[in-house]
Structures are given as structure tokens and as C-alpha cells.
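Nothing in this text is a laboratory measurement; each read-out follows from the coordinates by a stated rule. Because the structure is a prediction, the values reported are computed rather than measured. Heads up, the Cβs are rebuilt from the backbone with ideal geometry, glycines too, and the neighbour counts pull from every protein chain shown.
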Amino acid sequence: MIHRLSRTLAKVTCLAALTLAGPGQAAQPNGTVKSTHGAWSIICDTPPGATSEQCVMMQNVVAEDRPEMGLSVVVLRTADNKAEILRVLAPLGVLLPNGLGLNVDGKDIGRAYFVRCFQDGCYAEVILEKPLLDTLRNGTSATFIVFQTPEEGIGIPVDLKGFADGFTALP
């Protein structure tokens, strides 16, 4: 049985610092890389109208056999510092009803459902509750799975090296 990654979908606006270079490509942040932790970068920017700098922890990945299938995996804290969000940007053309699957170290963690699409792609996001956060902190590799048909899932590897250190360093 497939479980949702989280009971509650986050209701936050998209981070203004993320834009896409083109279809199927991973998001390229406009901010400054503050630090790198393994495969993860902490990127900060002050969006127009904001009074303070906003930071995210991010990794861009591409399927090994499908160069047009790229994801941006982003971890951020809400403006009120009450929750952390895991947001994944997938390219347009993915099958939305199947959601985004996640395996960590070979174990099926569940699915996150897409919450909105924009011209740069479709976003799946969940609140990083303690069980999921611990799984990502202690894991070595993750695979995010997007679907182009109900039967065809495309696994995209995400390196979890540095996730724990990066999360701790995230302002």
C-alpha cells in the first residue's frame, strides 16, 4: 500500500528565486550559493519586495537515460519558521494523477501529489515531518519517480550525501 509522504500539503507560495532555463531542465537559482554540503547547495536571495534574505537547500538532478527529465529538489523553511517544506519541480508533461514517488535506500516511502503547475513545470510539495526528515537525514540515496504513463515510471536518483549537514546549516 502506498502512503503519502505527508498528511498535509504545504500552502506556501513558490520561491521567487527559482526559474527554469527551459523545458526538462532543472531550476537555476538566481541567488548566491552560501555553502555546499555534499550534493546539496544552500542558495540565498532577497526576492523583490522581501525585507530579508530567503534561503533554500537545493539539488538539481537529471535522469541518467533521459536527459530531458530533470528535477529540482528544494528544502526550505516557511517565512514564519514553523515548518520545513520539501518541494520538487518536475518538467511539464509528467502524469499528474500518479504523483511523485520516493524511494530511499531501496525502500518505498510513498508519493507526494502535485499541487500546481506553472510555465516552468509542476510542483509537488510536502511538509517535512520528523519521520520523513529522519529518513532523508539518515539515507544515502533517494530515487524520485515521475510518470509519463500510468505504467511507465522514470526513476531519477538524488544523492543524500550532505543532506543532514545542509539541513542543519539552512538558515
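One chain, two ends: Ala50 and Ala169. Fully extended at 0.36 nm per residue, the span grows by 40.7 nm beyond their Cα-Cα distance.
Across the alpha-carbon atoms of region 22-106, the computed radius of gyration and Dmax are 14.4, 43 angstrom.
Each residue of region 61-76 was assigned a 3J(HN,Hα) from its phi angle through the Karplus expression (A = 6.51, B = -1.76, C = 1.60, θ = phi - 60°), giving 9, 9, 4, 4, 9, 9, x, 7, 9, x, 10, 10, 10, 10, 10, 9 Hz with x at Gly and Pro. For region 82-171, trypsin sites (Lys or Arg not before Pro) meeting the loop criterion (DSSP other than H, G, I, E, B) and having at most 11 other Cβ atoms within 10 Å: Lys82. Normalising by residue count, region 18-169 has a Cα convex hull of 113 Å³ per residue. The charge dipole of region 51-145, taken about the Cα centre with unit charges on the Cβ atoms of Lys, Arg (+1) and Asp, Glu (-1), comes to about 200 debye, rounded to the nearest 20. Region 81-134: which GluC sites (Glu not before Pro) are DSSP loop and have at most 15 other beta-carbon atoms within 10 angstrom? Passing sites in region 81-134 are Glu129.
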